[in-house]
Amino acid sequence: MTKLALGILISGRGSNMVSLVDAALAADYPARPVLVLSNRPTAAGLIRAQALGVETDVVDHKAFGTDREAHERAIDARLREKGVEIIALAGYMRVLTPWFVRRWQGRMVNIHPSLLPKYPGLNTHARALAAGDTEAGCSVHWVTEGVDAGEVIARARITICPDDTAERLAERLLPEEHRLYPEALRQACDQILTRDPSTV
Ligand code: GRF
């Protein structure tokens, strides 16, 4: 079957990356991970990816100073060298430049720990608690130029408990993220393959 070459961008521990790589082991999964790339050389997820047999790379943003586009041009070059056809952002903690977003428009997805369109940006769990929400969740969406603003592919929800803190909520939500992301990425790949069967 047709499998899209998947590049995963991370900045930290990489637990969502692991869930995607694990899911892609299935014979009928429409993506195959070809590269895990981090902007931080110390990201724990790099070691996890290597243990799973996925090639890793680092493009350290610090080497580019304030030139964000130059950093992303370097990332883009690595992704293209590997033949990447779809990008999954998995805890990639930098806002991408319009140049990069446009270049990968319709081929890049992200997981965000809120029920988008609620709470784009940071501190989502604390904001949900402060607002007195009764439920929290996560969303996988297409990446567009607005931060966490692209069309949502899928969401998962959990009920907020009276004793939840932001940390506890994040911890309880994480397994939902790990279930949601592989399924939503499958849908994203199917959309790309339906739209553009000549991809591979
Ligand atoms: C996750 O909560 C994800 O939703 C957010 O950043 C966190 C990354 O965690 N974008 P991990 O690196 O995948 O473990």
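Considering segment 1-35, the residues that are part of a strand (DSSP E or B), within 11 Å of the ligand (Cβ to nearest atom) and of a type in the set (Val, Ile, Thr) include one that is nearest to Glu81 (Cα to Cα), namely Ile8.
Between His61, His71, the distinction of being more than 16 Å from the ligand (Cβ to nearest atom) and closer than 25 Å to Ala170 by Cβ belongs to His61 only. In this structure, is Cys189 of a type outside the set (Asp, Glu), in a strand (DSSP E or B) and either in contact (Cβ under 8 Å) with a residue 40 or more places away in the chain or more than 30 Å from Ala70 (Cβ to Cβ) (or both)? Answer is no for this residue. Take the residues in segment 80-102 that are within 23 Å of Leu20 (Cα to Cα) and among the charged types (D, E, K, R), then tell me which one is nearest to the ligand (Cβ to nearest atom). This residue is Arg94.
For segment 78-107, taking the residues that are over 14 Å from the mean Cα position of the chain (by Cα) and among the β-branched types (Val, Ile, Thr), the one that is surrounded by the fewest Cβ atoms within 10 Å (Cβ to Cβ) is identified as Thr97.
Put simply, of Leu173, Leu185, Leu116, Leu122 the only residue that is out of contact with any His (no Cβ under 9 Å at 6 or more places or on another chain), within 21 Å of Leu89 (Cα to Cα) and within 12 Å of the ligand (Cβ to nearest atom) is Leu122.
Put simply, of Leu129, Leu122, Leu115 the only residue that is more than 13 Å from the chain's Cα centre (by Cα), surrounded by 14 or more Cβ atoms within 10 Å (Cβ to Cβ) and assigned to a loop (DSSP other than H, G, I, E, B) is Leu115.
A short reminder: the numbers here are calculations on the coordinates, not readings from a lab. Every value quoted in this text rests on a predicted model; they were computed, and no experiment measured them. Reconstructed Cβ throughout: ideal geometry from the backbone, glycine too, with neighbour counts over all protein chains shown.
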